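What follows is a set of notes on a single structure, which appears directly below.
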Amino acid sequence: MSIAPLADIFVDESLVQVLLEQQFPSLANTSLALVGQGWDNYMFTLGSELAVRLPRRTISAKLIIHEQNNVNRISPNLTLPTPLVVEKGKPSPVFPWHWNIVRWLPGLPVLGDSLTSVSAPIWAEFLRSLHVSAPDDAPANPFRGVPLMERQSAVLDRLNRLGQTKVSVSEEVKTAWLQAVRTPHSVVSTWIHGDLHGGNVLCDKGQISGAVDWGDICSGDPATDLASTWSLFSGAEDRAKVLQCYQADECLIARSIGWAVLFGSMLSMSDSTDHPRYAEMGANILDRITADIQRSDF
């Protein structure tokens, strides 16, 4: 099972070059290089300071529009750098969807145990700066920030299937999920990133340096983002520090663990050769939840 769905449209440097020549000729002679592709987007560096993001699939095309309309709107208040939208590409005969030119952020994805303890309060501060009341015109997302009961069937199915694989699903994880579903949903919707995990958070010399891939930005339950605690931090003390500095109450922590179970089970289902670290990250999330509950830290 591949974690990254097949692309609906193949994009390479030559296609991006044509788009630049047609819409942003002043950038057409800048060097291009494909640096990655995930579930939803292709990413090309454009020189040393910019990047080009283009959708891979029809279903993800609207996420680029969310970036266009909202990232620059919230960035001034955030305590970590974000890839500001510099130019907004339009649909054309050679590419049917909107696309973005954004600022390139230096750093490497947090896909291992590469964060130092100093990052825990930095991450909590960033989440607090992001999780402010969202306006009425903020986008909604049917999969992120919603009441966990709406994801109950899919998560239980994944947990049951994982129980038949080499991935360990402890009783603590199952109990944590059921408790999270029973916990009252947040009545206050805030801005959320919606997809914060080790692939979308950057670090430099062990310290968190930025958050990327804002296509899922929406209004919803901040617990969705706080679940990143179990993805980014390998140490139990650091995870506890994030929650303490964020000032999370018991209900928020319970829902955050629930969202961590959701993301952990989803990532663990993959044996993808395209993203070999993602399955490992999912298993680590589930193991960390188990360890924290056994320690009675939460």
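Just a few scattered comments:
- Residue 209 being within 23 Å of residue 84 (Cα to Cα), of a type in the set (S, T, N, Q), surrounded by fewer than 20 Cβ atoms within 10 Å (Cβ to Cβ) and under 18 Å from the mean Cα position of the chain (by Cα): yes
- Checklist (1) open to solvent by 50 Å² or more (accessible area, probe 1.4 Å); (2) under 21 Å from residue 138 (Cα atoms) applied to residue 117, failing item: (2)
- Residue selected from the range 37-79 under the condition open to solvent by less than 40 Å² (accessible area, probe 1.4 Å) and of a type in the set (Gly, Ala, Ser), by the criterion modelled with the lowest pLDDT: 38
- Exactly one residue among 139, 106, 135 is open to solvent by 60 Å² or more (accessible area, probe 1.4 Å), in a loop (DSSP other than H, G, I, E, B) and not aromatic (Phe, Trp, Tyr), and that residue is 106.
- The lone exception for residue 229 - which of (1) out of contact with any helix residue (DSSP H, G or I) (no Cβ under 8 Å at 6 or more places or on another chain); (2) over 17 Å from residue 170 (Cβ atoms); (3) polar (S, T, N, Q) it fails: (1)
- Taken over the range 80-103, the criterion of being open to solvent by 50 Å² or more (accessible area, probe 1.4 Å) and more than 17 Å from the chain's Cα centre (by Cα) is satisfied by 86, 87, 88, 90, 91, 93, 94, 96, 98, 103.
- Selection within the range 1-36: residues that are under 22 Å from the mean Cα position of the chain (by Cα) and over 15 Å from residue 104 (Cα atoms). The member of this set that is modelled with the highest pLDDT is 8.
The values are calculated or read from the model by the stated rules, or taken from the named source; none is laboratory data. Predicted model, so just to flag it, every value in this text is computed and none were measured. As a convention, Cβ positions derive from the backbone with ideal geometry for all residues, glycine included, and neighbour counts pool all protein chains shown. Protein only, heavy atoms only, side chains kept; ligands, DNA and RNA dropped before computing areas. Shrake-Rupley method; radii C 1.70, N 1.55, O 1.52, S 1.80 Å.
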